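Since every read-out is calculated from the coordinates, none of them should be taken as a lab result. None of the values given here were measured: they were computed from a predicted structure. Heads up, the Cβs are rebuilt from the backbone with ideal geometry, glycines too, and the neighbour counts pull from every protein chain shown.
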Amino acid sequence: MSQRITPKRSKKKRQKNRWIPALLGLGGLALLVLVVLSFRSNGSESKAAIEVNGAPALKVDKEQVDLGDVKLDQTVEVSFEVTNIGDQMLRFDEQPYIEVVEGC
């Protein structure tokens, strides 16, 4: 009869192997938390009330922007919020254009 000789694993190697499932579990839990937070932030955005039926329509939070006197070659910046208040999807076929009403 022959006997099998099985090599004994060292304690350090066994301890390293014990951490692998724990690390995988923590990684999966962290990923799950990120997914939940992502869905929560998307759902918290307030949707605009529909004011136009049958077509898309834009609503801008500022009717005019006054930047005052601006020196030549000085960069200015303005921000505003544009919302679709129609019940249809809004699509841009061309690049949006900016119209300067007064000044220059």
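Before moving on, here are some points about what is shown:
- I85 versus V70: modelled label distance in nm, points set 7 Å from Cα along the beta carbon direction: 2.6 nm
- Phi-based couplings in Hz for segment 74-84 (Karplus 6.51, -1.76, 1.60; Gly and Pro marked x): 9, 7, 10, 9, 9, 10, 8, 10, 10, 10, 8
- The overall shape of segment 47-90, judged from the alpha-carbon gyration tensor, is prolate: a/c is not under 1.5, and a/b is greater than b/c.
- Ordering 62-68, 23-29 by mean Cβ neighbour count within 10 Å, with the highest value first, yields 23-29, 62-68.
- Gain in span if fully extended, L37 to W19, counting 0.36 nm per residue against the direct Cα distance: 3.8 nm
- Here the 3J(HN,Hα) profile of segment 53-70, calculated from phi with Karplus coefficients 6.51, -1.76 and 1.60 at θ = phi - 60°, is 9, x, 7, x, 8, 9, 10, 10, 6, 10, 7, 9, 10, 10, 8, x, 7, 10 Hz, Gly and Pro shown as x.
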